[in-house]
Structures are given as C-alpha cells and as structure tokens.
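A quick write-up on the structure given underneath.
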Amino acid sequence: MELYLRVRLAVSEGMTKRQAAKHFNISRDSVAKMVAYSTPPGYQRRSPIRRPKLDAFVSTIDHWLDEDLKVPRKQRHTAKRVFDRLRDECGFTGGYTIIKDYMRERDQRRQEVFVPLSHPPGHAQADFGEATVVIGGVEQKARFFVLDLPHSDGCYVRAYPAAVAEAWVDGHIHAFAFLGAVPRSIVYDNDRCLVAKILPDGTRKRATLFSGFLSHYLIRDRYGRPGKGNDKGNVEGLVGYARRNFMVPIPQFPTWDAFNAFLEEQCRKRQRDRLRGESETIGER
C-alpha cells in the first residue's frame, strides 16, 4: 500500500512512468497498474457473487454496519455477531462463512468509494476536537473533525460519536465536497488512526485505510512534531473557534445528521465573512 502511494504521488508530480519504474525498481506494467488503481485491485470478478440465502438480508446487514460507524470500534458487529443476530432475530438459515465473506468484500468495496475532485494549489491542516452535545435527548461527547485552509481561512466541521479511522476519512470526503477542491498537502498530528508507527528515523508507517485514502486522492501528508501544537496552529485555533461559535450553548439535535446539517450551514455562513484587511470573502479567496 505504501508503495502505491509513493509511486502515484511521484507520477502526479511529473515523473514519467519509465522514470518511476527505474526509480522504484519495478516494471512499467506495475507502474501503469499503480497509476490506474489507488490500492491493489487484486482479482476482479466478472459478475457479482450470487448468494440466494443471503440476498434478502443484505440491507439489514448494511444497516447494522453503517450504524457501527457511530459507536466505538470495540462495540461494533463482528461477523459472528451479525450471524447470531440474523439467525435469532431474522430467521436466517444460511451459514456463518457467507456472512464473513460478505463483510470482508464489503470492507474492500468501501475503500474505493471516494469521488475524485480537482486539485488546485493549496495546503490544509486537519484535526479532531471534542465537545459536549445532546443527541436524541442523550448528553454525550462529540468528536468533531475540522479541516482548515490557512491561505483562505476556509473551514469544514463535521461531528461523530467517536474519532475512529472511518470518521477521519468520512470527514475529509465531506470537506472536499463542501469546498469543491482537494488540497495538495495536509498537516496532521500523529493520531493512531493515521499513523501505525513512527520509525526511528522519523518516517511514519501509515495505517492501511488512511494510506489507501491518501493514494486515491494523491495527497501528500505532513505531520507535526509530537508535543509541538504550533506546527499546526491554524487548525488547533479553528477547533477552539468551532467549539465557541458553533457549539455554545450545548447543541441539542434529534440526530447526528441534523447536527451535521447545522454545522455545515455554519461553515457556509463563514464562507461569506470578510476578515479585517481582506477585500474578498473567505469563500472568494
């Protein structure tokens, strides 16, 4: 996965496929495949798998797994738990293996659902903040994703029940759609959802999902030094701004979707602001 990212970035920045093959010591066919696919494609089945015993239950499984994105990773459905619930609650008579296979294939598909957008010049910073909210009548902690564009002061904010890897990726996708652009580089902290390990020479070994995301969008990732918040001061300031201006008093909404619709509207209003000393609005810059 790491090699895919490095090759795709090099070619996107002007290296020819022939040069990339020589530089990375791989064949030109391998370079062509890496340029065509953001992650290793593996075997491509010509027709979809037919599972008569499972088809009627797919929508139920998808619903449960989509809801899992709102809860901590350790409390999500395993294949075994999905099998037990389908058997006990829905009358499922199939076997455990087809459940496990479907969930694995579903995870693989979800890694390729990103929609590519344009790449105008620009750099960004991203982080998560925390605030108290009331969702569906229950007071709880929200973890909110923030993407900041320091040059224009543009921003995007989206809230989740937990700052898990899927929330990081989902937050970026919604931010890119809102802003209509993808930054060329983004500064991050060393969150374990993004960085699996920091090697002795300072190189980051990226988490698998995050590496595939970067490869798809051709984003160059940069990282703040551990304990040095000023390395990404813009976004840390924006975390505080969003909490003070978008979440005071404590937000109360019936659902997370309703809360996020409110946050997006606040970001849209901010796009119309004209900061002191600027002749253009944030959205125009």
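The values are calculated or read from the model by the stated rules, or taken from the named source; none is laboratory data. It should be emphasised that the depicted structure is a prediction, and the values quoted were computed from it without experimental measurement. Cβ sites come from the backbone with ideal geometry, for glycine too, and all protein chains shown count toward neighbours.
Numbers at a glance
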item: Options Gly202, Gly180: the member that is closer than 17 Å to Gly122 by Cα, at pLDDT below 90, surrounded by fewer than 21 Cβ atoms within 10 Å (Cβ to Cβ) and not aromatic (Phe, Trp, Tyr); result: Gly180
item: Elements of type helices (runs of 4 or more DSSP H) contained in region 205-285, each with 1 or more residues being touching a Pro at 6+ places or on another chain (Cβ under 9 Å), modelled with pLDDT of 95 or more and on the phi > 0 side of the Ramachandran plot; result: none
item: Residue match in region 144-156 (condition: aromatic (Phe, Trp, Tyr), touching a Phe, Trp or Tyr at 6+ places or on another chain (Cβ under 8 Å), without any contact (Cβ under 8 Å) to a residue 60 or more places away in the chain and outside any strand (DSSP E or B)); result: no
item: Candidates Ala207, Ala177 - the one that is over 27 Å from Met15 (Cβ atoms), in contact (Cβ under 8 Å) with a residue 40 or more places away in the chain and small (Gly, Ala, Ser); result: Ala177
item: Considering residues of region 93-114 that are of a type in the set (Asp, Glu) and in a helix (DSSP H, G or I) only, the residue modelled with the lowest pLDDT; result: Asp107
item: Qualifying position, being under 21 Å from the mean Cα position of the chain (by Cα) and more than 12 Å from Asp127 (Cβ to Cβ), among His151, His174; result: His174
item: Residue list for region 124-161, restricted to those being surrounded by 15 or more Cβ atoms within 10 Å (Cβ to Cβ) and modelled with pLDDT under 95; result: Ala124, Gln125, Asp148, Leu149, Pro150, Ser152, Asp153, Gly154, Cys155
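Listed here are the residues, each with its yes/no results for (1) within 22 Å of Ala142 (Cα to Cα); (2) touching a Ser or Thr at 6+ places or on another chain (Cβ under 8 Å).
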| residue | (1), (2) |
| --- | --- |
| Val164 | yes, no |
| Trp168 | yes, no |
| Gly171 | yes, no |
| Ala181 | no, yes |
| Arg184 | no, no |
| Lys197 | no, no |
| Ser211 | no, no |
| Leu214 | no, no |
| Arg222 | no, yes |
